[in-house]
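**Student:** Before we start, here is the structure in question, set down as structure tokens.
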Amino acid sequence: MKPDGLQVIKSIMPMKRCLTLLNHPLVYVNGNTYCCLLGPDPQAGIFGTRATVMDAFQDFDGHFKERLSHPITGDPVSDFIQQRHI
């Protein structure tokens, strides 16, 4: 996903270490919600969204762990995270 037209969050100091920042997703604001995206778009990638940035991180982490433990054959995002976490 290209960040054109999005309010991208450039510097975030999390209160705890989480998978979100270790995997460098795009973090941006969409209306009144924070979004974390790793991949080409929210449907094909790993996506988390919530009202606060920390809640969005937690949502992302849950989807990331699910994709890591149940990879999709032939999916570039699954392949990418599998290679990084071997």
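**Student:** If you rank Ser78, Ser69 by fewest surrounding Cβ atoms within 10 Å, what's the result?
**Tutor:** The most exposed by this proxy come first: Ser69, Ser78.
**Student:** I would also like to ask the following. Can you sort Arg67, Arg84 so the residue with the fewest Cβ neighbours within 10 Å comes first?
**Tutor:** Placing the least packed residue first, the sequence is Arg84, Arg67.
**Student:** Next question. Under the Karplus relation 6.51 cos²θ - 1.76 cosθ + 1.60, θ = phi - 60°, what is the ordered set of whole-Hz ³J(HN,Hα) values for segment 26-31, x standing for Gly and Pro?
**Tutor:** 6, 10, 8, 9, 10, x
**Student:** Quick one: order Ile72, Ile81 by neighbouring beta-carbon count within 10 Å, fewest to most.
**Tutor:** Going from sparsest to densest Cβ surroundings: Ile72, Ile81.
Any read-out appearing in this document is the output of simple, stated calculations on the displayed coordinates, not a laboratory observation. Predicted model only: the values in this text are computed from it and were never measured. Using ideal geometry, Cβ is built from the backbone for each residue, glycine included, and neighbour counts are taken over all protein chains shown.
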